[in-house]
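Q: A single structure is presented below for examination.
The values are calculated or read from the model by the stated rules, or taken from the named source; none is laboratory data. Treat the numbers as computed from the prediction; the structure is a model and nothing was measured. Positions of Cβ are backbone-derived with ideal geometry, glycine not excepted, and every protein chain shown enters the neighbour counts. These area figures cover heavy atoms from the full protein model, side chains too; ligands, DNA and RNA do not enter into them. Shrake-Rupley method; radii C 1.70, N 1.55, O 1.52, S 1.80 Å.
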There are 2 protein chains.
Amino acid sequence: MSTNDATARLAFEVVKTACSNCNLRELCLPIGLDATELRKLDELVSTRRRLKRGDHLYRAGQSFESIYAIRSGFFKTDVLIEDGRDQVTGFQMTGELLGLDGISSEVHTCNAIALEDSEVCAIPFLHLESLSRQIHTLQHHFHQVMSREIVRDHGVMMLLGTMRAEERLAAFLLNLSQRFKARGYSPAEFNLRMSRDEIGSYLGLKLETVSRAFSRFQDEGLLSVHQRKIRILNTAGLKKLMSHQRV
Amino acid sequence: MSTNDATARLAFEVVKTACSNCNLRELCLPIGLDATELRKLDELVSTRRRLKRGDHLYRAGQSFESIYAIRSGFFKTDVLIEDGRDQVTGFQMTGELLGLDGISSEVHTCNAIALEDSEVCAIPFLHLESLSRQIHTLQHHFHQVMSREIVRDHGVMMLLGTMRAEERLAAFLLNLSQRFKARGYSPAEFNLRMSRDEIGSYLGLKLETVSRAFSRFQDEGLLSVHQRKIRILNTAGLKKLMSHQRV
DNA sequence: TGATCGGGTTGACGTGGATCAAACGCCGGG
DNA sequence: CCCGGCGTTTGATCCACGTCAACCCGATCA
């Protein structure tokens, strides 16, 4: 490879990494920034990382330095407690941020694991704080992202605390559907990246219960399910199921 | 009342309100600020609000302008969904912040209700953002507070998703105990500010189940319970109960 | 002092989801 | 092409917690 090739390739990589060129910029941290601000953010988001399916992006206990923006791929986060129990606390997709839990104590409090081959942008947190002292829009947007995470968690608490199995699964599928839609994919047809066991862990159910709920939904004509391939046939029906009044 | 009296009283109020004079400054936003910075924060935290037991500090749907630091008292937050179900998402005490959920959409997403007569400091959020662009320590601390809320929520998800009734109640009591301790109160003896129903809602249980768990703990000599007055007799026992291995 | 009321306790019973167990089907390797 | 393994489905049974209902107790008020 000639020097020119190498340079060209390097330039290409840089372009590929830059926020200003990223097709996620409407979804990710750069929302609302002007050209100058975007350029500053580009400098910040220097490192990219590729992960293979099953790789850990970080582990609970590791020291926290960066948050990560997902460029492509799909992740889960989970927490373990000493006695061996664990729970999936979330599934993250393109444009979403990982690692916010680490800010509080400078140590990651959960594991982040790629559910498919993925690529993330590492954002050194101290740099982000520094830059968001200069760019109000960035600061505010970051606060909104953290707050949105809190609101999302409240939704999950609601789900775990008050919904029954089928309602939980319906809520889960509708949420996924909507997030795929926001990314330009079909809201009606998608592949689950996670196993029944992982869905169950997230929803506070056993995998058998998840499986039965899928079968029931299929029997009722709400979905078609082939392994991890889901087609939503009756969105309204799923929504109705979710708000099934209980005493 | 003479003019002098009024002036004196006003000065007194101001002193009382100032962060620099607040005995919660080690617990609340001012952590780690120097004298100059504290004075700036004082200007920010101008408004105080008193609430009686049962009063709403804010309601879901109201537009978000300020976050609130609890000076004294005790709160719960809860969310409702259309079909009438609701869930308590947290109990907040002295020195803790309320309203972080409102940042994401400029609208409060839950209700905050005083469980006893309380007093809060209103912190206009745009001012806080502006000040935290000037004071790095404040900025970082605020980020930590938001992150801690996320970590706490993960803990609740864990509790709701994997623990059984007695484990949940034990976790809840130990958490309260530790928070009272951090505020200089007895970790072993305290009054619950919330009803069995509210505890149940938070823990994803029915009030009867909560009541039965209390009775069982008392039978086993872990607690003494008289209405809302709790004495923890065997902290280790409660902890052990929490990590009871299941298959 | 007795009546009322709301929160709390306790008991009897029902049920949703966990558990245990078996079988299925897809997929990669020999 | 068959084999072995893993994720999934499905069935039978069990049990923790919900539900329903009665009762209790302390606080408030007439």
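Q: Pairs please, first residue from segment A:140-153 and touching a residue at least 40 places away in the same chain (Cβ under 8 Å) and more than 13 Å from B:R148 (Cβ to Cβ), second anywhere and outside any helix (DSSP H, G or I) and open to solvent by 10 Å² or more (accessible area, probe 1.4 Å), Cβ atoms under 8 Å, 6+ apart in sequence or on different chains.
A: Within 8 Å, the pairs are A:H141/A:I31; A:H141/A:G32; A:V145/A:L97; A:V145/B:S104.
Q: Shifting gears a bit: B:D197 is checked against (1) acidic (D, E); (2) in the same structural domain as B:M93 (by TED's automatic domain parsing); (3) surrounded by fewer than 18 Cβ atoms within 10 Å (Cβ to Cβ) and fails just one. What number does that condition carry?
A: B:D197 satisfies every listed condition except (2).
Q: Considering only segment B:79-111, state which residues are in contact with a Leu (Cβ under 6 Å, 6 or more places away or on another chain) and more than 9 Å from every other protein chain (Cβ to nearest Cβ).
A: Matches in segment B:79-111: B:Q92, B:G95.
For (1) within 24 Å of A:H154 (Cβ to Cβ); (2) more than 13 Å from DNA strand C (Cβ to nearest atom), each residue gets a yes or a no:
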position: A:R183; (1), (2): yes, yes
position: A:A188; (1), (2): no, yes
position: A:E198; (1), (2): yes, yes
position: A:S211; (1), (2): no, no
position: A:R216; (1), (2): no, no
position: A:E220; (1), (2): no, yes
position: A:H226; (1), (2): no, no
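Q: What about B:T89, is it β-branched (V, I, T) and more than 17 Å from the chain's Cα centre (by Cα)?
A: So B:T89 does not fit the description; no.
Q: Which condition number does B:A170 fail, the rest of (1) buried (at least 21 other Cβ atoms within 10 Å of the Cβ); (2) under 19 Å from the mean Cα position of the chain (by Cα); (3) closer than 24 Å to A:T109 by Cβ; (4) outside the structural domain of B:R183 (by TED's automatic domain parsing) being met?
A: The failed condition is (4).
Q: Please indicate, with yes or no, whether at least one residue in segment A:78-99 is in a strand (DSSP E or B), more than 22 Å from A:M157 (Cα to Cα) and open to solvent by 30 Å² or more (accessible area, probe 1.4 Å).
A: No.
Q: Mind listing whichever residues of segment A:92-109 are of a type outside the set (D, E, K, R) and under 8 Å from the mean Cα position of the chain (by Cα)?
A: A:Q92, A:M93, A:T94, A:G95, A:L97, A:L98
Q: In the list A:D55, A:D117, which residue meets the criterion of being more than 14 Å from chain B (Cβ to nearest Cβ), under 15 Å from the mean Cα position of the chain (by Cα) and open to solvent by 20 Å² or more (accessible area, probe 1.4 Å)?
A: Exactly one residue qualifies, and that residue is A:D117.
Q: What strands (runs of 3 or more DSSP E), lying completely within segment B:27-75, carry at least 2 residues that are modelled with pLDDT of 95 or more and out of contact with any His (no Cβ under 7 Å at 6 or more places or on another chain)?
A: Output list reads B:56-58, B:66-72.
Q: Another one. Look at B:F180 and say whether it is of a type in the set (F, W, Y), modelled with pLDDT of 95 or more, within 15 Å of DNA strand D (Cβ to nearest atom) and not assigned by TED's automatic domain parsing to the domain that holds B:G90.
A: no
Q: Could you say which residue among A:M194, A:M242 is under 30 Å from B:I199 (Cβ atoms) and not charged (D, E, K, R)?
A: After ruling out the rest, the residue left standing is A:M242.
Q: Quick one: is A:F214 more than 16 Å from DNA strand D (Cβ to nearest atom) and at pLDDT 95 or above?
A: No.
Q: What is the number of the single condition among (1) within 16 Å of DNA strand C (Cβ to nearest atom); (2) free of Cβ contacts under 8 Å to residues at least 40 places away in the same chain; (3) among the basic types (K, R) that B:R193 does not meet?
A: If we test B:R193 against (1) within 16 Å of DNA strand C (Cβ to nearest atom); (2) free of Cβ contacts under 8 Å to residues at least 40 places away in the same chain; (3) among the basic types (K, R), just (2) comes out false.
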